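Beneath this line is the structure, given in structure tokens, with notes to follow.
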Amino acid sequence: MMTRLPAKVKKVWSQSAFISLIGWLTALLVVYLVSRYFYSLPLIVYIIILSLGLLEVMIEYALIPYRYKFYSYEVSETEVRIRKGFIFRSETSIPIARVQNVHLSQGPLLRLQYLTSVSIVTASNSHIIEALVPKDADELRLKVIKLAMEAKNVQ
């Protein structure tokens, strides 16, 4: 059965969108200051930059409920499956026997919400489950490592 991320991840995604807005506004300010001292840009350039930034942030905010609804994961005896995507859906299956490492990490936004990101590392790639409660993340890590060791002992 597929497991959903904790609902607190929506708050992290909202905060991330807000930080993105600050980035766009900073870029607009830098373009304005540079153009003011070195060359003159028409007003339309500023309007385009501001419009693109606002559009990107509004879309990011609007898609948060859908992103949450379509993001899930499952750990079985043979594989870890991660499903995500609203418009472009993807399902990644990671064979347990290929797992080399499971890494837990917390950025500042995740730490504020008491969440942890889980990276499942194989020889060719790293697959991320974006946010779990630390207890669940640690249980997932231990379970995947145990299953991977058992799978390698069988081979």
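The values are calculated or read from the model by the stated rules, or taken from the named source; none is laboratory data. Worth saying up front: this structure is predicted, and the values here are computed from it rather than measured. All Cβ positions, even for glycine, are placed from backbone atoms using ideal geometry, and neighbour counts span all protein chains on display.
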Residue under question is S40, and the condition is that it be in contact (Cβ under 8 Å) with a residue 40 or more places away in the chain and over 19 Å from I129 (Cβ atoms); does it hold? no
What are the pairs with Cβ atoms under 6 angstrom where one residue, in region 55-81, is over 17 Å from M2 (Cβ atoms) and the other, located anywhere, is of a type in the set (A, V, I, L, M)? Sequence gap at least six, or different chains. V57/A17; V57/L21; E60/A17; Y61/A17
Looking only at region 1-42, how many residues end up being modelled with pLDDT under 90, surrounded by 15 or more Cβ atoms within 10 Å (Cβ to Cβ) and aromatic (F, W, Y)? 1
Are there helices (runs of 4 or more DSSP H) fully within region 33-152 with at least 2 residues that are among the aromatic types (F, W, Y)? List them. 43-62, 64-69
